[in-house]
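The values are calculated or read from the model by the stated rules, or taken from the named source; none is laboratory data. For clarity, every value in this text was computed on a predicted model and none was experimentally measured. Don't worry about glycine lacking a Cβ; one is built from the backbone with ideal geometry, like all the others, and counts go over all protein chains shown. The area values use the complete protein model at the heavy-atom level, side chains included, leaving out ligands, DNA and RNA. Shrake-Rupley method; radii C 1.70, N 1.55, O 1.52, S 1.80 Å.
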Protein chains: 6
Amino acid sequence: MIYITRRERFNAAHRLFRPEYSDEKNLEIFGKCSNPNWHGHNYELFVTVKGEIDPATGFLLNLKKLSVIIREKVIHKLDHKNINLEVDFMQGKLASTENLAVGIWKELSPHISNLSAQLHCVKVVESENNFVEYFGE
Amino acid sequence: MIYITRRERFNAAHRLFRPEYSDEKNLEIFGKCSNPNWHGHNYELFVTVKGEIDPATGFLLNLKKLSVIIREKVIHKLDHKNINLEVDFMQGKLASTENLAVGIWKELSPHISNLSAQLHCVKVVESENNFVEYFGE
Amino acid sequence: MIYITRRERFNAAHRLFRPEYSDEKNLEIFGKCSNPNWHGHNYELFVTVKGEIDPATGFLLNLKKLSVIIREKVIHKLDHKNINLEVDFMQGKLASTENLAVGIWKELSPHISNLSAQLHCVKVVESENNFVEYFGE
Amino acid sequence: MIYITRRERFNAAHRLFRPEYSDEKNLEIFGKCSNPNWHGHNYELFVTVKGEIDPATGFLLNLKKLSVIIREKVIHKLDHKNINLEVDFMQGKLASTENLAVGIWKELSPHISNLSAQLHCVKVVESENNFVEYFGE
Amino acid sequence: MIYITRRERFNAAHRLFRPEYSDEKNLEIFGKCSNPNWHGHNYELFVTVKGEIDPATGFLLNLKKLSVIIREKVIHKLDHKNINLEVDFMQGKLASTENLAVGIWKELSPHISNLSAQLHCVKVVESENNFVEYFGE
Amino acid sequence: MIYITRRERFNAAHRLFRPEYSDEKNLEIFGKCSNPNWHGHNYELFVTVKGEIDPATGFLLNLKKLSVIIREKVIHKLDHKNINLEVDFMQGKLASTENLAVGIWKELSPHISNLSAQLHCVKVVESENNFVEYFGE
């Protein structure tokens, strides 16, 4: 069993808030991340997959294919977008890094299985001081 | 003459566009940075000042004071904000990294002189692949 | 189950030695880290907690609160201090990175439980080439 | 149980290809990594060992000794070398990062046990976007 | 006058040697970098251009265009290549980082002028410990 | 004219204070950096030299020799030391990063001239947020 990780990046705007709350209440709960005019981040996404090495190639899987899947299924939807307003798999959810990691897992997981590997971890780095990891359960 | 640099960080949303243009024309000129729903970055700001070492302290200047000035005069206005909508010194300007660097220079410059040092460089890092430097002229 | 990590930093002096040994014997066992005049590091501390996402906030926990706990309980005691002489939870112990990671775990653990999350890992980075991880057992 | 990680680095040339294939077929399967004239990387190697803290030293093990073992047993063989042509433990294998991680594990594992610690993970970073981890099974 | 820097990366093999010398003499002068079987690096290239901000766009220049020029004129020739054997603008030169920086400058310079900006600096980072800068004279 | 930079690192303890002041007055002026029990840093040192490329080698100078000089003349004196108590070229000076950069310049400058190159810049990085540069005048 070998683990391989691919990093991709995206820049996005978001806001943490509950629409049924006032701006004041959102500020109290979510702090400056609730700014109604949005703010944003350079996110880093680390996708780790696991499986057996294919003796014919020396690879767990073709990393180019993994990169294409990550870009098509999640980066394309997130990069230079507003996470709250424009990302289909985040609709109806709070745009937290935790929910983002779970959402990305759900988007990627079925496509990874097609590569004869398993998704192991989705790690979303929001800043140099904060990151979230999700292992699927 | 010694040069000392302080790094501060801010997360902000922005959009590159001219209001008199259609979304299509903005997309053509500014690419995906023109997204009407905003996007954002983790910006890094490096402020370099220069001057003589004070023999009484071994310092060019008190770095705490420099940090306080940078935070009060620019980080406080930029962090978790929308650069286009909320930052006073960027009103009426395109929210490019170039204009941001010049704008930050103008905000900081008078306050640095009070520290018996001179502002030498404002460097704004937008992503790991792009940064802008401004030396005041 | 989601994992979230917060980074904090501290600068400290330390020395590796056993008081009952001569300087020569300490030098033999601990190398240049035994210098009787101390040396120091920019330490990075990564604290990982785990638990369920709270559907009301989208958070595992309020990261601000986690940061305040880490700063109050450990950074405040370590930053710009001498680990051997001034840090209460390191008294009577060798000031190794291993013991530091275990000590920080013991300081933090009871306070994390109050946040309806569990401490998962304490990682202490001593230099770009060395780090220690402790998972509580 | 404590985990300690040591980073070492090496610069090497390699090529991904099967000798029984034509250059065209190798290009199709391995992409530009199959270039017959070689290419290369600054590899980073992270070796993680685990075990109990020795109360006499505060150490899991002497990190100097670990570093010497890593340098003698693997870095010395890999640094400024051609992985395909010159590295004994990679002969007859495809020079992929996956095989490299497994090969390094086999080289290091017997020597770590002599340090009263266990090898836990070999991580090989090929670029800022790709890395492989192997845990020995 | 504003300065903007774009980073691009390439992985390449090279060897430092003079063909008229024996392997022993090359080893004496160039050290392990003279290995006849090649070695390689993850190079980072930082290209800095300078000029006036265009008031119509807020840009010094279109960074996309700059990136395309750097990729077409130099990265395409260098990435996953052997610098000694395959890079046209390095033929007949020692494949040192110094010569690489000067060679890249000459390749890029005429194309930057077409962007109504001037090339200011080519910086080539060979490892985390070594880099070279060339300012054109 | 080409510029080449070598990075070296050292870990040291220091304290900012004037011996004729009380601990209280030192605390007021130098903040927590005045802790009488010392604190410390992982310092990074970047030494930039400039000159002409030697056509016989493709080098400005032999980087190995530059590294040896930096290690012998400054790193050896600073690494795992107390800057206030043990570093000869810092005696009688405040142990600030500014004075450290100037002191390192004076130690290195005569030895660089022997390499048919000129010292251009000494940069001392004290933390990820602060660094000092000295250009010799």
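For residue E:106 and residue C:71, what does the FRET efficiency come to when R0 = 60 Å and r is the distance between their Cβ atoms, rounded to the nearest 0.05? Plugging the Cβ-Cβ distance into 1/(1 + (r/R0)^6) gives 0.70. With every protein chain in place and a 1.4 angstrom probe, the accessible-area ranking of B:9, D:18, C:15, largest first, reads B:9, D:18, C:15. The alpha carbons of segment E:38-83 give a radius of gyration and a Dmax of 14.5, 49 Å, in that order. Per the accessible-area calculation with a 1.4 Å probe, the total area buried between chain C and chain F rounds to 2000 Å².
Directionally averaged projected area (the protein assembly as shown, Cα convex hull): 35.2 nm². In the protein assembly as shown, carbon and sulfur make up what percent of the accessible area (probe 1.4 Å)? Exposed carbon and sulfur together represent 49 percent of the surface. Could you tell me the relative contact order of segment A:1-71? Use alpha-carbon pairs under 8 Å, at least six residues apart, and round to a whole percent. Taking the mean separation of contacting Cα pairs over the length of segment A:1-71, I get 44 percent. Of the residues making up segment B:29-51, those losing 30 Å² or more of accessible area when the isolated chain is joined by the remaining protein chains, with a 1.4 Å probe, are B:29, B:30, B:32, B:35, B:37, B:38, B:39, B:40, B:41, B:42.
A Cβ-based charge dipole, computed about the Cα centre of the protein assembly as shown with Lys and Arg at +1 and Asp and Glu at -1, lands at about 0 debye.
In a DSSP loop and with at most 12 other Cβ atoms within 10 Å, the GluC sites (Glu not before Pro) in segment B:28-75 are B:52. With contacts taken as Cα pairs under 8 Å at a separation of at least 6 residues, segment A:83-129 carries a relative contact order of 29 percent. For the pair segment A:1-44 / segment E:82-96, the C-alpha centres are spaced 47 Å from each other. Pairs to check: A:25/B:81; D:123/F:81; D:64/D:93; C:123/D:77; C:123/D:123; A:106/B:81. Give those whose C-alpha atoms are more than 23 Å from each other in this structure. Where the Cα-Cα span goes over 23 Å, the pairs concerned are D:123/F:81; D:64/D:93; C:123/D:77; A:106/B:81.
Per residue, the Cα convex hull of segment F:23-133 amounts to 109 Å³.
For chain D, with a Gaussian network of springs between Cα atoms less than 10 Å apart, report the residue from D:11, D:42, D:62 with the top mean-square fluctuation. Judging by the Gaussian network model, the answer is D:62.
Using C-alpha pairs below 8 Å separated by at least 6 residues, the relative contact order for chain B is 30 percent.
Ligands, DNA and RNA are left out, and with a 1.4 angstrom probe the accessible area of segment F:16-137 is 44 Å² per residue. With its label point put 7 Å out from Cα toward Cβ, residue C:24 sits 4.4, 4.7, 7.5, 7.5, 8.8 nm from the same residue's point in the other copies, in order from shortest. On the beta carbon distance between residue F:22 and residue F:52, with R0 = 45 Å, the FRET formula returns roughly 0.25.
Quick one: angle between helix F:97-113 and the longest Cα principal axis of chain F, in degrees between 0 and 90, rounded to 10, please. In chain F, helix F:97-113 runs at an angle near 30 degrees to the longest axis. Chain D holds its axis-closest Cβ, relative to the rotation onto B, at the residue and whole-Å distance D:128, 4.
With its label point defined 7 Å out from Cα along the Cα-to-Cβ axis, residue E:91 lies at 3.7, 5.8, 6.1, 6.1, 7.5 nm from the matching points of the other copies, in increasing order.
Within the listed set B:88, B:54, B:79, the residue fluctuating most in the Gaussian network model of chain B (springs between alpha-carbon atoms under 10 angstrom) is B:54. Taking only the Cα atoms of segment D:1-88, the radius of gyration and Dmax are 18.3, 60 Å. Summarising the amide proton neighbourhood of residue D:120: residues at separation of 5 or more, or on other chains, whose placed amide H is nearer than 5 Å comprise D:48, D:49, D:50. The residues packed around residue A:88, meaning those with a beta-carbon under 10 Å from its beta-carbon, carry a net charge of -1 if Lys and Arg are +1 and Asp and Glu are -1. Ordered by solvent-accessible area of protein heavy atoms (1.4 Å probe), largest first, the residues E:123, B:25 come out as B:25, E:123.
When chymotrypsin sites (Phe, Trp or Tyr not before Pro) are flagged only if DSSP places them in a loop and at most 16 other Cβ atoms lie within 10 Å, the longest unflagged stretch of chain D comes out as D:22-134.
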